[in-house]
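Contents: one structure, followed by commentary.
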Amino acid sequence: MLLTGAQIFVETLVEQGVDTLFGYPGGTVLNLYDELYGNQDRIHSVLTADECGAAHAADGYARATGRPGVVLATSGPGATNLVTGIATAYMDSVPLVAFTGNVSTTVLGRDGFQEAYIEGITMSVTKHSVTVRRVEDLADSIRAAFRIAQSGRKGPVLVDIPKDLTAARCEFAPAPPAEPDREPPCDPSAAAEIAALLDQAERPVVYFGGGVPAAGAEELLKALLHKADLPAVHTLMAAGTLRYDDPMNLGLLGMHGRYSANRAVDEADLLLAVGARFSDRVALQPERFARQARVVQIDIDASEIGKNVPAEVSLVADAARALEALAPLVRERRRDGWLAQIRRWQSRDYHPAGRPEALLPHQILSEICRQSGPDTVYVTDVGQHQMWAAQYLHHTRSRGFLTSGGLGTMGYGYGAAIGAQMGLGPRQRVVMLTGDGSFHMNLNEACTAVSNRLPIITVIFNNQVLGMVRQWQSLFYQQRFSATDPCRKTDFVKVAEGFGLPGYRCETMEQFSAAFSQALAAEGPVWIECMIGKDEVVLPMIPSGGSVDDIIMK
């Protein structure tokens, strides 16, 4: 078939199973958008408020569905507006394919109108970035992008397409969908050594991260934990991998994790890390982290082995393959004494007190869980509300807690919620949790939610300050609140009405309960503003560079 580059672009996306694309048009991608117009029955093109929102939407789509998210932007500022979203996906290992237009090949490098060297700009935040130079290479470049994004440790890929290539013609030969590269088999001797260490351990802890849900290894992990009485702690990226009420689930580890989870790691004699990278929000003091334990690390990315915390034994493998290999080798065992000790530590965990006259974060989240049910997908921005959500939501489903963990991107949430809702369908309940600081960075995407009648409920924790930074200033900077009290007068209810959606303001739990009930019955997006105190803090907290012995509980 003799096709234009624009036709090849669409045909190859369809070939790869793409049904949804997020983006924003512009001069260098006009031919691509014109071809999408003629293929609306095959690919749903979603117009967002800006390109950054489109990148986050593609990210949210990928996290919620497990399929690669796709985003398209024009050259220059359109392309550079994608960078934060691409970096967010890179840090959290999210499969995303970003397409950008560029000036024609004949003027590349001559500082043409809206020209940017986006291949170079994104080199450090993608698995691969490429500028296609010949239309004959376009189809295979797109296929390679989907293969690379889904192979090994997943992540974003960028394909830059000069405008003249979209009009040029060449022969197109259809191909099957790209398959991820085959992973090498697990090293049987390493698996046997890890199983033996687990069998010998008296105080083991499993520490798991986003690599487990990325590999679809949730049930394998659960089976191993219950077979051998292995208590487990998780990272922010793995919330929901185990149900919140699973007796083997000790909860969140790290800076804002539970006292008992951090203490168990500190006292363990074996720490098995699965799909986790020992980030500085977990291993706050690497030389003291799990100081009594023999550390075993399983990760799909060889560069992560021993990078932050030395590993005595390691296995480079996909979490699912590794857990499959371990399952028959690990002996069934009861560890009643160790679990009893952990239960005693759990009695010392932080539990916030309720105040009937106030609207408190943990009470808001409890009411959301009560009314929403166990299958809700939660999306957060970044800040105090993010940590409260990680701590107090009743996490029951994998891929049900979408958040920017590695990059910590304020403004991530609304775009990601849109992507999740688009990917999972209108019947899936999606709740977006944000703070007033983060929401000022992305509330423009309300127009996308309204235009597409997406029933996303947005709950705004409004303390009228930049809460997390202010908390650090309160604890460590002698309450010198520099640039954290913006004195904004934003009326979110009126702003909501301006966008064409209902908004509620709540100052009591009774008001919130009623507002959330009405939001659940709405057919489109709803905002609920919750007025909380500016001195509410996230506890517990281990200071940066500290250990569980330095934990702040009040």
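The values are calculated or read from the model by the stated rules, or taken from the named source; none is laboratory data. No experiment lies behind these values; they were computed from the predicted model shown. Cβ placement follows ideal geometry from the backbone for every residue including glycine, while neighbour counts extend to all protein chains displayed. Note: accessible area is taken over every heavy atom of the protein model, side chains too, but ligands, DNA and RNA are not part of it. Shrake-Rupley method; radii C 1.70, N 1.55, O 1.52, S 1.80 Å.
For the stretch 317-330, which residues satisfy the criterion of being closer than 14 Å to residue 198 by Cβ and either surrounded by 11 or more Cβ atoms within 10 Å (Cβ to Cβ) or within 31 Å of the chain's Cα centre (by Cα) (or both)?
322, 323, 325, 326, 327, 329, 330
Out of 29, 10, 46, 14, I need the residue that is at pLDDT 95 or above and part of a strand (DSSP E or B). Which one?
46
Determine whether residue 137 is open to solvent by 30 Å² or more (accessible area, probe 1.4 Å) and either within 23 Å of residue 35 (Cβ to Cβ) or aromatic (Phe, Trp, Tyr) (or both).
Spelling it out, residue 137 is indeed open to solvent by 30 Å² or more (accessible area, probe 1.4 Å) and either within 23 Å of residue 35 (Cβ to Cβ) or aromatic (Phe, Trp, Tyr) (or both).
Could you tell me whether any residue of the stretch 56-73 is touching a strand residue (DSSP E or B) at 6+ places or on another chain (Cβ under 6 Å), at pLDDT 95 or above and over 23 Å from residue 151 (Cα atoms)?
yes
Among the listed residues 129, 75, 93, 151, which satisfies the condition of being touching a Pro at 6+ places or on another chain (Cβ under 7 Å), polar (S, T, N, Q) and either in contact (Cβ under 8 Å) with a residue 24 or more places away in the chain or at positive phi (or both)?
Only one candidate qualifies: 151.
Is at least one residue of the stretch 145-163 in contact with a Leu (Cβ under 7 Å, 6 or more places away or on another chain) and surrounded by fewer than 16 Cβ atoms within 10 Å (Cβ to Cβ)?
There is no residue in the stretch 145-163 that is in contact with a Leu (Cβ under 7 Å, 6 or more places away or on another chain) and surrounded by fewer than 16 Cβ atoms within 10 Å (Cβ to Cβ).
Is it true that residue 97 is under 15 Å from residue 159 (Cα atoms), β-branched (Val, Ile, Thr) and open to solvent by less than 10 Å² (accessible area, probe 1.4 Å)?
yes
Kindly check whether there is at least one residue in the stretch 23-45 that is open to solvent by less than 20 Å² (accessible area, probe 1.4 Å) and under 25 Å from residue 213 (Cβ atoms).
no
Would you pick out the residues in the stretch 404-444 that are touching a Ser or Thr at 6+ places or on another chain (Cβ under 6 Å), within 21 Å of residue 125 (Cα to Cα) and part of a helix (DSSP H, G or I)?
Listed by number, the list holds a single entry, 413.
Suppose the filter is more than 30 Å from residue 397 (Cα to Cα), without any contact (Cβ under 8 Å) to a residue 40 or more places away in the chain and more than 28 Å from the chain's Cα centre (by Cα); does residue 480 pass it?
When the stated conditions are applied, residue 480 passes them.
Checking residue 335 against (1) under 31 Å from the mean Cα position of the chain (by Cα); (2) farther than 20 Å from residue 383 by Cβ, which test does it fail?
Exception for residue 335: condition (1).
If you scan the stretch 469-487, which residues turn out to be of a type outside the set (Phe, Trp, Tyr), out of contact with any Ser or Thr (no Cβ under 6 Å at 6 or more places or on another chain) and either buried (at least 23 other Cβ atoms within 10 Å of the Cβ) or farther than 21 Å from residue 388 by Cβ (or both)?
Scanning the stretch 469-487 gives 478, 479, 480, 482, 483, 487.
What pairs can you find where one residue is in the stretch 486-514 and free of Cβ contacts under 8 Å to residues at least 40 places away in the same chain, the other is among the small types (Gly, Ala, Ser) and open to solvent by 30 Å² or more (accessible area, probe 1.4 Å), and their Cβ atoms are less than 6 Å apart, with a gap of 6+ or different chains?
Going by the 6 Å Cβ cut-off, there are no qualifying pairs.
Need the failing condition index for residue 536 against (1) of a type in the set (Asp, Glu); (2) assigned to a loop (DSSP other than H, G, I, E, B); (3) more than 26 Å from the chain's Cα centre (by Cα), just the number.
(3)
Please work out which one of (1) at pLDDT 95 or above; (2) within 30 Å of residue 531 (Cβ to Cβ) is the condition residue 358 fails and give its number.
(1)
I'm trying to understand the selection: among the residues of the stretch 366-398, which are of a type outside the set (Gly, Ala, Ser), assigned to a helix (DSSP H, G or I) and in contact (Cβ under 8 Å) with a residue 40 or more places away in the chain?
Listed by number, the residues that qualify are 367, 368, 371, 384, 385, 386, 387, 388, 391.
For residue 444, are the conditions met, namely being of a type in the set (S, T, N, Q) and more than 21 Å from the chain's Cα centre (by Cα)?
No: the conditions fail for residue 444.
Whether any residue in the stretch 54-62 is assigned to a helix (DSSP H, G or I), of a type in the set (Phe, Trp, Tyr) and open to solvent by less than 40 Å² (accessible area, probe 1.4 Å) is what I want to check.
The answer is yes, given that some residue of the stretch 54-62 is assigned to a helix (DSSP H, G or I), of a type in the set (Phe, Trp, Tyr) and open to solvent by less than 40 Å² (accessible area, probe 1.4 Å).
Scan the stretch 100-126 residue by residue and report those that are open to solvent by 50 Å² or more (accessible area, probe 1.4 Å) and under 29 Å from the mean Cα position of the chain (by Cα).
Within the stretch 100-126, 117, 121, 123, 124 qualify.
Here are some residues: 375, 381. Which one is on the phi < 0 side of the Ramachandran plot and open to solvent by 20 Å² or more (accessible area, probe 1.4 Å)?
From the options 375, 381, the qualifying one is 375.
Hey, can you tell me all the residues within the stretch 431-445 that are among the polar types (S, T, N, Q) and open to solvent by less than 10 Å² (accessible area, probe 1.4 Å)?
If the condition is that a residue be among the polar types (S, T, N, Q) and open to solvent by less than 10 Å² (accessible area, probe 1.4 Å), then 434, 438, 442 are the ones that fit.
Among the residues in the stretch 280-298, are any of a type outside the set (A, V, I, L, M, F, W, C) and on the phi > 0 side of the Ramachandran plot?
No, that holds for no residue.
Is it the case that the stretch 417-430 has a residue that's open to solvent by 10 Å² or more (accessible area, probe 1.4 Å), touching a Leu at 6+ places or on another chain (Cβ under 7 Å), in contact (Cβ under 8 Å) with a residue 40 or more places away in the chain and hydrophobic (A, V, I, L, M, F, W, C)?
Scanning the stretch 417-430 turns up no residue that is open to solvent by 10 Å² or more (accessible area, probe 1.4 Å), touching a Leu at 6+ places or on another chain (Cβ under 7 Å), in contact (Cβ under 8 Å) with a residue 40 or more places away in the chain and hydrophobic (A, V, I, L, M, F, W, C).
Quick one: is residue 49 in contact (Cβ under 8 Å) with a residue 60 or more places away in the chain, farther than 26 Å from residue 279 by Cα and either open to solvent by less than 10 Å² (accessible area, probe 1.4 Å) or under 18 Å from the mean Cα position of the chain (by Cα) (or both)?
So residue 49 does not fit the description; no.
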